[in-house]
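The block underneath contains the structure these notes are about, expressed in structure tokens.
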Amino acid sequence: AGEIPGGGAPLPGSRGSPGLLRVDVLDLDEDEDDLEVFSKDASLIDMNSFSPMMPTSPLSMINQVKFEDEPELKDLFITVDEPESHVTTIETFITYKVITKTSRGEFDSSEFEVRRRYQDFLWLKGKLEDAHPTLIIPPLPEKFIVKGMVERFNDDFIETRRKALHKFLNRIADHPTLTFNEDFKVFLTAQAWELSSHKKQGPGLLTRMGQTVRAVASSMRGVKNRPEEFMEINNFIEIFSQKINLIDKISQRIYKEERDYLDEMKEYGPIHILWSASEEDVVDTLKGVATCIEQCCKATEKWMSGLSESLLPIVHEYVLYSDTLMGVMKRRDQIQAELDSKVEALTYKKADTDLLTEEIGKLEDKVECANNALKADWERWKQNMQNDIKSAFTDVAEENVHYYEQCLAAWESFLTSQTDLNLEEHSEDKL
Amino acid sequence: MEQLSPDPERQLQPAPQEPLGGPDAVLEAAAGEEAEGAGPQDSGGDAMAENNFWLKKIEISVSEAEKRTGRNAMNMQETYTAYLIETRSVEHADGQSVLTDSLWRRYSEFELLRNYLLVYYPHIVVPPLPEKRAEFVWHKLSADNMDPDFVERRRIGLENFLLRVASHPILCRDKIFYLFLTQEGNWKETVNETGFQLKADSRLKALNATFRVKNPDKRFTEIKHYSDELQSVISHLLRVRARVADRLYGVYKVHGNYGRVFSEWSAIEKEMGDGLQSAGHHMDVYASSIDDILEDEEHYADQLKEYLFYAEALRAVCRKHELMQYDLEMAAQDLASKKQQCEELATGTVRTFSLKGMTTKLFGQETPEQREARIKVLEEQINEGEQQLKSKNLEGREFVKNAWADIERFKDQKNRDLKEALISYAVMQISMCKKGIQVWTNAKECFSKM
């Protein structure tokens with residue numbers, strides 16, 4: 001899931017102006033006429049099939065292979081950028097600029113720019129969960145960082161959160177069902193006041209609280225008849241959750257140890273320079289060692305930034321995903337529990353049998369829908385997870401190889417210079 | 001004052017053919033007679049001097065270390081480590097070596113030997129011993145003297161010390177050193193009989209005293225400053241290196257956890273399982289590779305430590321010069337004042353203060369006979385003083401000449417050794433990088449096949 005990596009496509013999740021789309025894929029900025037055509041055509045096309053009218057290039061074909069979904073051209077591009085601090089009399093908060101570019105017909109325009117705060121993202125997530133209780137909704141970054149945070153809004157925290165929010169929206173955009181959710185569209189397009197008024201519609205706080213209470217109550221009753229396939233999935237989720245949490249801790253720890261190592265190395269190198277000041281004969285050798293250590297420091301810094309770009313956010317996202325998954329399983333169980341309790345009531349003739357039978361019929365449908373949705377989404381999620389994990393760790397290994405190659409080059413060049421010097425000295429002696 | 005040049009009785013004669021280089025050199029000997037088969041000798045001076053030439057090439061090794069228990073001076077039980085010193089003579093013709101001597105010594109005996117050398121060769125930069133206690137440790141190394149790794153590194157350090165002494169053109173000829181290698185029993189008594197202990201105490205006291213010397217040889221002052229700088233910078237380097245090692249250890253070892261977790265995770269995965277499992281194995285290999293890497297680095301640290309301690313020995317030679325110079329200046333000052341006193345007495349003018357003069361003023365003049373007597377005494381003292389000054393001057397110049405020669409020798413050795421050590425450090429880093437590349441390339445393959 002997520003955005004198209006690398007070359008062909010736009011939207012690096014970085015600061016500054018959002019990248020332009022590749023000219024031959026979709027040129028929103030420069031070719032309005034074509035856009036009109038695309039918009040109209042998009043409304044006629046079955047969203048799940050590949051449109052022959054969309055121009056494709058070999059590169060965009062390659063990019064399509066990286067989509068986890070059907071080979072459909074991506075038509076919704078989202079960036080989260082430019083965090084800004086807002087100070088009011090009651091509170092301070094950060095907003096993020098959300099830029100959407102799309103060719104879809106149901107959108108009034110092809111480009112939108114709105115500002116959203118974390119609360120708004122939370123709202124969106126809640127709505128998606130309500131609408132699709134057994135779909136796997138992408139996770140949001142945590143509300144607060146648990147430990148080590150003095151300043152709630154320090155730069156690292158904001159940047160990490162920005163990247164995670166960017167990921168969140170893109171995962172929704174890539175999801176075959178969630179991408180067409182109405183609240184999602186409102187989130188991406190509505191101006192601030194529009195969003196506020198939209199939020200006020202829909203089930204109120206009390207209704208939702210009531211639902212939560214019922215949900216908790218039913219989950220406490222336990223699920224007696226969870227089907228075998230969901231037992232398997234649940235088992236996987238439990239173990240996966242354990243392991244990914246451990247991997248998260250290990251990865252964070254490695255990063256920390258490496259940073260401490262870098263700090264010491266930064267002190268280590270210059271001592272050799274200091275020493276060379278009192279020496280005459282060994283000066284070059286000492287300076288050479290200092291240079292090597294400095295180059296290793298640079299390589300370490302690069303390695304660290306690589307880790308924090310690729311591995312750490314992915315692993316952490318999947319830690320949050322594992323909580324999401326457990327929540328999804330619970331909700332499925334609840335839906336089933338509702339059915340089970342009605343069936344039980346029917347067996348013991350607790351209430352009007354006709355009414356019960358009708359209710360049971362509806363609930364059976366509900367359960368079947370929920371189960372199918374979950375099963376399909378589970379397969380999709382699992383596939384994505386494997387791809388993401390594989391690519392993240394492959395990148396890490398690549399970074400490590402590169403790191404050691406850089407250090408090796410530094411030390412080998414030093415060694416060569418020393419042996420060359422030796423040869424020079426010997427030939428001088430012979431003269 | 002201590003002797004300037006080595007007591008002929010303590011030297012084996014004649015000098016070796018050529019001064020030697022690094023510590024792994026073997027001791028070259030002049031032609032002579034029965035050196036081999038010469039068992040434990042008594043301390044009879046001349047017989048020793050005549051018979052004990054280092055006849056053939058000698059190899060010295062400290063080959064083993066053994067834990068022992070015994071009773072100490074206060075009759076309390078103690079545990080200590082004893083080291084086996086083996087001396088071999090190497091036949092020129094066929095290169096075969098024959099074990100000529102083998103005995104056990106403990107660290108305190110090495111210390112005794114070194115203290116003896118310090119006293120009798122004040123103009124020599126005496127090689128240092130390996131550290132008494134483990135310092136600059138990082139968390140893995142134990143600071144326990146009985147720890148096998150520490151004992152092993154100490155064994156190597158002691159061997160290095162003996163090789164350094166054996167390859168020093170002057171120290172190698174010392175009788176006590178020879179006996180250290182060849183006479184197990186009674187050696188301690190022999191050393192103590194030289195009476196060096198008394199001199200050792202006064203030497204230490206003098207070296208630590210503060211005094212202002214007016215005209216030291218500038219070169220020695222410079223070298224003294226250099227030795228201070230060297231000590232300071234090497235200590236700093238060793239401290240930070242230990243911290244770097246500690247951190248590096250942490251980075252590698254945490255990766256070992258990946259191995260375990262990947263393995264457990266692979267149990268629930270179908271397609272990804274094999275890749276995870278094999279990648280995990282490589283993480284284990286990576287994590288365990290750090291142990292050997294840091295063990296090697298420890299030897300590098302030991303090489304630097306040797307020069308940290310050498311800096312102290314260098315400083316001591318400079319201080320000795322300052323002491324001698326100060327002593328000379330004091331003697332000259334004393335002589336000058338006596339001469340002045342004498343002159344005043346002779347001419348009747350009083351320019352300098354003297355107690356006698358004051359009391360004379362207060363209690364009455366002295367008789368001419370008394371004055372004559374005093375002049376005579378002073379003249380005798382002046383004579384004596386001039387003799388002493390002359391010999392002190394000579395001693396001082398001899399010392400400067402010999403000490404400077406050894407300092408030059410030391411400088412060359414130091415430059416060679418440090419360069420070699422730094423290069424070997426680079427070689428270690430290269431090896432570490434290559435291992436890293438291999439492990440992560442393997443891991444990458446496993447990941448990409450998942």
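Read-outs throughout are calculated quantities, based only on the coordinates presented, and are distinct from any laboratory measurement. Owing to the predicted nature of the structure, the values given are computational and were not obtained by experimental measurement. Cβ atoms come from the backbone with ideal geometry, glycine included; neighbour counts cover every protein chain shown.
Observations
- Placing dummy labels 7 Å off each Cα toward the beta-carbon, the span from B:Val427 to B:Arg106 is 3.7 nm.
- Exceedance of the 22 Å cut-off in Cα-Cα distance is limited, within the set B:Lys67/B:Lys305; A:Lys163/B:Lys444; A:Lys125/A:Lys199, to B:Lys67/B:Lys305; A:Lys163/B:Lys444.
- Per-residue packing, averaged as other Cβ atoms within 10 Å, sorts the ranges A:134-140, B:206-212, A:294-300, B:404-410 into the order A:134-140, A:294-300, B:404-410, B:206-212, beginning with the highest.
- The convex hull of the Cα atoms of region A:230-328, projected and averaged over all directions, covers 7.2 nm².
- Per residue of peptide B:253-261, the mean number of Cβ atoms on other chains within 10 Å of the residue Cβ is 5.
- Both radii are taken from the alpha-carbon atoms of region A:293-380; with Rh as the Kirkwood radius, Rg/Rh is 1.45.
- Between B:Lys205 and A:Asp263, the C-beta separation translates, for a Förster distance of 35 Å, into a calculated FRET efficiency of about 0.20.
- Neighbouring Cβ atoms from other chains, within 10 Å of the Cβ of residues in A:266-276, number 4 on average.
- One way to sum up the overall shape of region A:278-431 is the equivalent ellipsoid from its Cα gyration tensor, whose semi-axes run 73, 13, 7 Å, largest first.
- Restricting the calculation to Cα atoms, every distinct pair contributes to the Kirkwood radius of region A:357-411, found to be 15.0 Å.
- Stokes-Einstein diffusion for region B:196-269, with the hydrodynamic radius set to the Kirkwood value over Cα pairs and evaluated at 37 °C in a medium of 0.692 mPa s, equals 182 µm²/s.
- Listed residue pairs exceeding 20 Å between alpha carbons, taken from A:Lys375/B:Lys270; A:Lys302/B:Lys449; A:Lys97/A:Lys185; B:Lys390/B:Lys411: A:Lys302/B:Lys449; B:Lys390/B:Lys411
- For region B:69-179, the percent of C-alpha pairs falling in each 10 Å distance bin, counted from 0 to the bin holding the largest distance, reads 11, 36, 33, 17, 3, 0.
- Projected label distance in nm at B:Ala332 and B:Ser391, using a 7 Å step from Cα toward the beta-carbon: 2.0
- For region A:180-196 versus region B:263-281, the inter-centroid distance based on Cα atoms is 43 Å.
- FRET efficiency, 1/(1 + (r/R0)^6) with R0 25 Å, evaluated for B:Asp149 and A:Arg253 via beta carbons: 0.40
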